[in-house]
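Undergrad: Sending over a structure as structure tokens; questions will come in a sec.
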Amino acid sequence: MRSRSTISPILALALLVLLGSASAASATVYDITASDDLFGTLKTLQAGDEVVVHDGVYDTGGFLEVTWVGTANAPIVVRGADGERPHIRGVSNQNILNLGGSYFTFENFELTAGSHGIRLASAEYATLRNLSLHDLYDVGISCNRPGNLCDHLLVSGNEIYNTGTDGSGPGEGMYLGCNDAACTVSNSVFELNYIHDLSGGTQGDGIELKTGSFNNVLRDNVIVGANYPGITLYGFADGLGGPNVVERNLVWGSQDNGIQIVGQVIVRNNIIVNAAINGIHSKPSQGFEAHDAVLVHNTILGSGNAALKSNNWSGQANNVVANNALYSNGGTAIDFNGGAGSATVVGNIALGGHNAPGGVSAASGLGDFADAANLDFYPPIGSALINAGDATYAASDDFNLSLRGDGSPDAGAYEHSAATNPGWVVGSGFKDADPPPIEPVEELADTAENWTDTVADGTTGADATTSSDATTSSDATSTTDTSANQDVTGSDDAATADSTGDDGTSTPSQSQDEGCGCTLRGPVSPAPSLVLWAFVALGAQWRRRR
């Protein structure tokens, strides 16, 4: 009896490559105008498809949820046409777009008038870029559906403003993760976003990263006029992953703390101006203690309470306060409430009182900045900040991405290298910066074990993925307490749930299943001769083995 014939591995691999190429080549490009069925098209996309949408107003009419499953080699791309900004308009009781999946990009759109602008369900390797989200009843961008995981997101270059317009929802710019780690965000990058005017909701954080989320990077964002902290981060289980990184952001005019954290985070090269309460505040929350908080090279000015405050650091390990410029205009520069514990405190310059155990030198005054009244915090020649830092805890670059390479780092967010600031002029609007790509997560696996080594590493963090959810569980109250080891005021985390915009119970006013009237650039098939020769080769192989 003849043995069963087999196909050689080489020919089998060749066939798989050809078939894979055929699949990628058959991807469709949709060219959509306002007379076409955009939302029907969005529900049918396959790996490799691209949707190019032209100017016009596209009304969702109600609940809209899509899942896009692309691949690394054949991502799904949905974008506004070059030089155009199509407008997607929602309804008040529904999110504009509920979106999940993998390997997709959504970019170049304006979104208004829904509950959440975009609410992510479970998603990975997703990009949200160059979007304008405003005049929303609740949150700009969220990943907060319990049980969902958001991983490898890139959220970049978006403008978010006028959230929480009905006054009943939290109204965050970005709400990422859930209370008590009921959903998480990991290995993601949130960069170059401009978030402002968040006074309409019950809370109004600029970017809030919830408990259990790890190995994320928040960098080069501009956050102006947040109602709660400009940036809020919580803790995560030890050993789960690398620290979150908050770097080179401008946080200006928050009506609460500027940046609020627990621990397991690197906060470096940020500028925090005119926070109503504390510039940076580290404190326990949701069962997590404040350890492994590395606060280096930040410039803080004009806080209503302390420039830098901590709660309950006594007994906690690996906290670092180094090379900061902490100016409180005659108030409190540093308040270690309950003591600094074993924290390393070195190379700081302070204006105002403090209870640090050491590592703090006196500022000369506001003359240490080029023009503080006009938001120019660059150190001029003769500033007390120049060469005042400790080289052991020097970051590799500064707020402008200029290198700190002379072995004598300056305190604060800038490294003096010219007579005047050579970088972006601080103010409202997008930050002009070109941050380098984030290193692959696999190369950062040691960060969870060696926190101090990451202080000077300008690439610590994540790469870029997506995942999300659909119920808003949120931080809620401004708390005032009388305990010596608690905060005076500031947002914390009494969970409140938002039930709007997620259940799909509303009936769209227009049918979305009438088919696509759009213009297609038809699928391209692989060259027939290649497919034919593949099968000829396989046939020859089979005959030889008979």
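Read-outs throughout are calculated quantities, based only on the coordinates presented, and are distinct from any laboratory measurement. Source: prediction; values computed, not measured. For neighbour counting, all protein chains shown are included, and Cβ atoms are generated from backbone atoms with ideal geometry for every residue, glycine included.
Undergrad: Given the range 219-349, what whole percent of its Cα pairs are spread farther than 18 Å?
TA: 46 percent
Undergrad: Which lysines does Lys283 reach when only Cα atoms under 30 Å apart count, and residues fewer than 8 places away in its own chain are ignored?
TA: Straight-distance partners of Lys283: Lys210, Lys309, Lys431.
Undergrad: Just to be sure I understand the curve: with the Debye formula and one point per C-alpha of the range 272-434, what is log10 I(q)/I(0) at q = 0.08, 0.10, 0.17, 0.20 Å⁻¹?
TA: Treating every Cα as an identical point scatterer, log10 I(q)/I(0) equals -0.22, -0.34, -0.98, -1.30.
Undergrad: Under 5 Å between amide H atoms, partner at least 5 residues away or on a different chain: which partners does Ser282 have, H built in plane at 1.01 Å?
TA: For Ser282, whose amide H was placed from the backbone, the distant partners under 5 Å are Ile261, Lys309, Ser310, Asn311.
Undergrad: Let me ask you something else. How far apart, in nm, are the 7 Å Cα→Cβ label points at Ser361 and Phe430?
TA: The modelled label-to-label distance comes out at 3.9 nm.
Undergrad: Can you list residues from other chains, or at least 5 along the same chain, whose modelled amide H is less than 5 Å from the amide H of Ile207?
TA: Excluding prolines and chain starts, which carry no amide H, the hits are Met174, Ile231, Thr232.
Undergrad: So what is log10(I(q)/I(0)) for the range 370-437 at q = 0.17, 0.18, 0.23, 0.27 1/Å, when the Debye sum runs over its Cα atoms only?
TA: Once normalised to I(0) and log-transformed, intensities are -0.61, -0.68, -1.05, -1.30.
Undergrad: Using 0.36 nm times the number of residues separating Thr67 and Ser402, minus their current alpha carbon distance, what extension gain do you get?
TA: Answer, rounded to one decimal: 116.5 nm.
Undergrad: Would you mind listing how long the range 111-216 runs along its three principal axes, going by Cα atoms, in whole Å with the largest first?
TA: 30, 28, 18
Undergrad: Sort 115-127, 352-364, 237-249 by the packing proxy (mean of other Cβ within 10 Å over each peptide's residues), most packed first.
TA: 115-127, 237-249, 352-364
Undergrad: Hey, another quick one. Rounded to the nearest 5, what % of the DSSP beta bridges within the range 272-434 are antiparallel ones?
TA: About 10 percent, rounded to the nearest 5.
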